[in-house]
Every structure is written in C-alpha cells, then in structure tokens.
Amino acid sequence: MVSAGAKWVAGYVAAWESNDPKQIGALFTDDAVYLTSPDAQPRRGREAIVAGWLEDLDDPGTWAFDWRLLHEDETPSGNFVIVQGRTEYPAGKDYLNLWVIRLDPSGRATEYTEWYMPRPR
C-alpha cells in the first residue's frame, strides 16, 4: 500500500512537471503554509502558494528529481512526512533537498518547508 506521504510527493512531482495551477492547488489546504526555506517569508494559503509557485516555476524538461521518504508518522489527525531528494538541473546546479510536510487526514499539506543545498557536479 502506498502511504499518504508517498502519494503527496508523487502529486507534487506531477504538479512540478505540469505547472498546472489546479494540480498545484490540490496539494494544499486553503490555509496551508509553504516555506521555500526555513527563514523565508511563508506563502500563506492555497492562492498565495499557487501564485508563488508560478512565479518561481521550473520549465518541464529542465530538471530531474529523485526522492525517498525518510520518515512518515501516520496519526488520525494527519501525517508528518520527511523526504530527502536530489534535484538536478542539467543547465545549472544540483541540489540536495530535505522536505518537512504536515498532511491533514485528506492528504493535503497544511505545512510544507523545504531546505535545499547546492551540490558540486
């Protein structure tokens, strides 16, 4: 059985590939908080998250992403998920990623924080 966290990350990658506002928005609750880094000003609410995503989007085919779940805690109130990934931009830098995600019982993110660290090629 695929966990809620794995489903969410697969949905995130699909939205990243499409940059479709409906796919992006479907990942988050109405009042979700999205931090592009731990010290960043958060994007608050689905509309702000979608708008920020579209401002900072990566064009399809310009990146590759590999990931794995490091931890998932499933509770009746939702899931706590930690994901480790690597993003490769053939025309640019590579990054190691760490995502911390809180999901509600329906599988939408209420909170998402990403850390990314440039890596030499």
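The set of residues in the range 12-29 that are in a loop (DSSP other than H, G, I, E, B) and free of Cβ contacts under 8 Å to residues at least 24 places away in the same chain contains only ASP20.
Residues that are among the hydrophobic types (A, V, I, L, M, F, W, C) and assigned to a strand (DSSP E or B) were ranked within the range 52-80; the one that is farthest from VAL9 (Cα to Cα) is ALA64.
Scanning the range 87-99 for residues that are buried (at least 16 other Cβ atoms within 10 Å of the Cβ) and in contact with a Leu (Cβ under 9 Å, 6 or more places away or on another chain) yields one hit, THR87.
Hey, any hits in the range 60-77 for a residue that's more than 19 Å from SER3 (Cα to Cα), of a type in the set (Lys, Arg) and surrounded by fewer than 17 Cβ atoms within 10 Å (Cβ to Cβ)? Within the range 60-77 (the criterion being more than 19 Å from SER3 (Cα to Cα), of a type in the set (Lys, Arg) and surrounded by fewer than 17 Cβ atoms within 10 Å (Cβ to Cβ)), the answer is no, since none of the residues qualifies.
Step by step: first the residues of the range 86-121, then only those that are outside any strand (DSSP E or B) and more than 19 Å from ASP58 (Cβ to Cβ), then the one that is nearest to the chain's Cα centre (by Cα). Which residue is that?
So in the range 86-121, the residues outside any strand (DSSP E or B) come out as 89-93, 104-108, 120-121.
Among the residues that remain, those that are also more than 19 Å from ASP58 (Cβ to Cβ) are: 104-108, 120.
On the way: ASP104: 15, PRO105: 17, SER106: 16, GLY107: 13, ARG108: 11, PRO120: 23 Å.
The selected residue is ARG108.
Per the listing VAL83, VAL9, the residue uniquely assigned to a helix (DSSP H, G or I) and either surrounded by 14 or more Cβ atoms within 10 Å (Cβ to Cβ) or on the phi < 0 side of the Ramachandran plot (or both) is VAL9.
FYI, it's all coordinate maths here, none of it is from the lab. Values in this document were obtained by computation on a predicted structure and should not be read as measured data. Don't worry about glycine lacking a Cβ; one is built from the backbone with ideal geometry, like all the others, and counts go over all protein chains shown.
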